[in-house]
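The values are calculated or read from the model by the stated rules, or taken from the named source; none is laboratory data. Keep in mind that this is a model prediction, so the values were computed, not measured. Positions of Cβ are generated from backbone atoms using ideal geometry, with glycine treated the same way; all protein chains shown enter the neighbour counts. For accessibility, only protein heavy atoms count, side chains too; no ligands or nucleic acids. Shrake-Rupley method; radii C 1.70, N 1.55, O 1.52, S 1.80 Å.
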Amino acid sequence: MRFFDREKEIKRLIDIENRSREVAQFTVITGRRRIGKTSLVLEAYKSEPYLYFFVSRKDETELCASYCDEITQKIGVPIMGNASRFAQVCDFVMQLSKSRPITLVIDEFQEFMRVNNSIYSDMQRIWDLNKQEARINLIVCGSVNSLMNRLFRDNKESLFGRNTSMMNVKPFAPSVLKEILHEYNPKYNNEDLLALYLFSGGIAKYVEMFIDGGATTHELMLDMVTREGSQFIDEGKLMLIDEFGKDYGTYFSILSLIAQGYNTRGQIEDMLKKEIGGYLTKLDAEYNLVSKRQPILEPTANKRTRYWLDDNFLSFWFRFMYKYNYMVEIGANDKLRQIIARDYNTYSGFVLEKYFRDKLIEEGKYTKLGYWHDNHGNNEIDIIGIDELDKRLDFYEVKRNARAINIGILRSKAEAFLKMHRQLNDYAIDYHGLSLNDV
């Protein structure tokens, strides 16, 4: 699959490189695994020479040998002496950048913590001593959010405050998924597009796997996800074990319950028979995997808070792959496929709501966007869009089947909402139904 999208990010990286010719730049790029951080950087600098250091779980001496080879091959200047520590390599590059502009990309930066965690304090010292004269464009990428956040946002860490820019790479927007699918399957239908959004979550690597594997229809995607040996089957575990460490069992149980629709703290604690407030806080603030959502215009500290898995792929993985892993262990992949197919309409109806929320966010039509439900759960509105500039208020009902949409019922729910928020009564109000036909 060819490279898609990321025009804004590429422009920003090129601007940063241009600034680095005058003032040293230190950019941190984060984003979940498989999102396309490395591809983004390499695409941005494909026409410019750069150094690329990948941090794998090797001995520091072995890593430094490969970095020295990279410097010699790309720049033609060998490091004098035996550089067995990264501090020596880093200092050499910084000194060299005083005489010529250099772009250095360090990938999987958080892995230095396993190699030698003193590397971070060494880098801080070298950066502070040389940044005034250096003309370096230093870019570090990391895919373990908790560790990257700690390294650069915790004021107790050596590199706190050293970065000059921070970028977070997001999943592909709905319009990009539509462009990709149209290019590789011009005859796709809306069910195929929703399936790509549901299964991949807009994660570049997963989209690429479907496209390169010829899975451009709903049925073929389902085949690919569930077949024996599928990379998708263990993906959630491989991605999150490093994040959670020894507590991964509890975190996995919480995420599995949220994916199944138990999205209040009380519901989850009732199922697990334990207090999970600290875990939920970390999943939200540290791991960036779940978000707390209150009904729109409600105060943050609200008993009606619900927790949602933000990552579409992980939501699917915990709902089906993790829950029914025992089937895979005995080779009953066909049975797993049948279960997903059986529950697909119900589950994809929930995902369809998220699709339209993302679509409306991408269109930039509103200053506030959210959902609403009353105290008793009798009235619930799928999407409410508020434009405070034009004083416009839109209510949306989302159903897979357009015939199931009832605008009359939506109006009555909206009346209940407006009774609670009379400050919106002078807004222009409209009502909309969204279905699979509108994808």
- Go ahead and estimate [θ] at 222 nm for the chain from helices alone: -39,500 (n - 2.57) per DSSP H run with n ≥ 4, summed, over the residue count, rounded to 500. -14000 deg cm²/dmol
- Task: Within 10 Å, count the other beta carbons around each residue, average over each peptide in 83-95, 189-201, and list them highest first.
- Result: 189-201, 83-95
- Note on the structure: Matching label for the computed volume of the Cα convex hull per residue in Å³, out of [x] 175; [y] 123; [z] 194, is [x]
- Query: Taking residue 323 as the anchor, which aspartates and glutamates have their alpha carbon closer than 16 Å to its alpha carbon, excluding any fewer than eight residues away along the same chain?
  - Reply: 234, 235, 334, 343
- With +1 on the Cβ of every Lys and Arg and -1 on the Cβ of every Asp and Glu, the dipole magnitude of region 29-78 about its Cα centre, in debye rounded to the nearest 20, is 420
- Give 237/274; 170/335; 37/156; 365/413; 8/365 a once-over and call out the pairs whose C-alpha atoms are over 25 Å from each other. 170/335; 37/156
- Message: Within the chain, what whole-number % of the accessible surface is contributed by carbon and sulfur, with the 1.4 Å probe and all protein chains included in the calculation?
- Response: 47
- Task: Find how much the distance from residue 329 to residue 429 grows on full extension, using 0.36 nm per residue of separation minus their present alpha carbon separation; answer in nm with one decimal.
- Result: 30.7 nm
- Please identify the GluC sites (Glu not before Pro) of region 246-326 that satisfy two criteria: DSSP loop assignment and at most 14 other Cβ atoms within 10 Å. Which are they? 275
- Message: Show me the ranking of peptides 172-183, 413-424, 31-42, 112-123 by mean Cβ neighbours inside 10 Å, starting with the highest.
- Response: 31-42, 172-183, 112-123, 413-424
- Message: Taking θ = phi - 60°, what integer Hz values does the Karplus form 6.51 cos²θ - 1.76 cosθ + 1.60 yield along region 420-427, in sequence order, with x for Gly and Pro?
- Response: 8, 9, 5, 5, 9, 5, 8, 7
